[in-house]
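The values are calculated or read from the model by the stated rules, or taken from the named source; none is laboratory data. Fair warning: this is a prediction, and the values are worked out from it, not measured in the lab. Backbone-built Cβ (ideal geometry, glycine too); neighbour counts: all protein chains shown.
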Amino acid sequence: MPQQLLELDQVFHALADPTRRTVVERLGTGPASTSELARPFDMALPSFTQHLAVLEQAGLVTSTKQGRVRTYRLAPDGLTIADGWLARQRSIWEQRLDQLDTFLGTLKEKQ
């Protein structure tokens, strides 16, 4: 499988989970520490850090460690591959709908 498809699969896999989507939305407002990100969720910290690892592996977030504090930041370029795929799909379906509209218009004229 080409590398780009693997990356796309990783992004969609990462975003398929509501916890990870919430983390991405939260990081849209600015960087946050692991504990700050975990606070709203009712789960053990090791379980939560697995979610962060999936997001980081997919290229959606980056992290830095200073002392004992790991801080996460949104990596907006990580969404580029998904955005490109969605744009291509949107274009295909818009073209198909335009063709259907034209076809239905010709049927109506014939009646």
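Points worth noting:
- Looking only at residues of the stretch 1-25 that are acidic (Asp, Glu) and touching a residue at least 24 places away in the same chain (Cβ under 8 Å), we find that the one that is farthest from Trp85 (Cα to Cα) is Asp17.
- In the stretch 65-87, the residue that is nearest to Glu7 (Cα to Cα) out of those that are surrounded by 15 or more Cβ atoms within 10 Å (Cβ to Cβ) and β-branched (Val, Ile, Thr) is Ile81.
- Count - residues of the stretch 20-43 that are within 22 Å of Lys65 (Cβ to Cβ), of a type in the set (S, T, N, Q) and either in contact with a Ser or Thr (Cβ under 8 Å, 6 or more places away or on another chain) or in a helix (DSSP H, G or I) (or both): 3
- Qualifying residue in the stretch 3-18 (condition: outside any helix (DSSP H, G or I) and either surrounded by 11 or more Cβ atoms within 10 Å (Cβ to Cβ) or hydroxyl-bearing (Ser, Thr, Tyr) (or both)): yes
- Picking from residues in the stretch 26-64 that are within 10 Å of the chain's Cα centre (by Cα) and not small (Gly, Ala, Ser), the one that is farthest from Ala82 (Cα to Cα) is Leu55.
- Taking the criterion of being outside any strand (DSSP E or B) and either polar (S, T, N, Q) or over 19 Å from Arg39 (Cβ atoms) (or both), the residues of the stretch 57-68 that qualify are Gln57, Ala58, Gly59, Leu60, Gly67.
- Residue satisfying all of: in the stretch 69-81; of a type outside the set (A, V, I, L, M, F, W, C) and over 14 Å from Glu36 (Cβ atoms); modelled with the lowest pLDDT among these: Pro76
- Taking first residues from the stretch 60-82 that are within 19 Å of Phe12 (Cα to Cα) and in contact (Cβ under 8 Å) with a residue 40 or more places away in the chain and partners that are in a strand (DSSP E or B) and of a type outside the set (Phe, Trp, Tyr), the Cβ contacts under 8 Å between residues at least 6 apart in sequence or on separate chains come to Leu60/Leu74; Arg73/Val61; Arg73/Thr62; Arg73/Ser63; Arg73/Thr64; Leu74/Val61; Gly78/Val61.
- All conditions in (1) within 26 Å of Gln4 (Cα to Cα); (2) more than 22 Å from the chain's Cα centre (by Cα); (3) charged (D, E, K, R); (4) modelled with pLDDT of 95 or more hold for Glu94, with the sole exception of (4).
- Residue identified as among the acidic types (Asp, Glu) and modelled with pLDDT under 95 among Glu109, Glu25, Glu56, Glu36: Glu109
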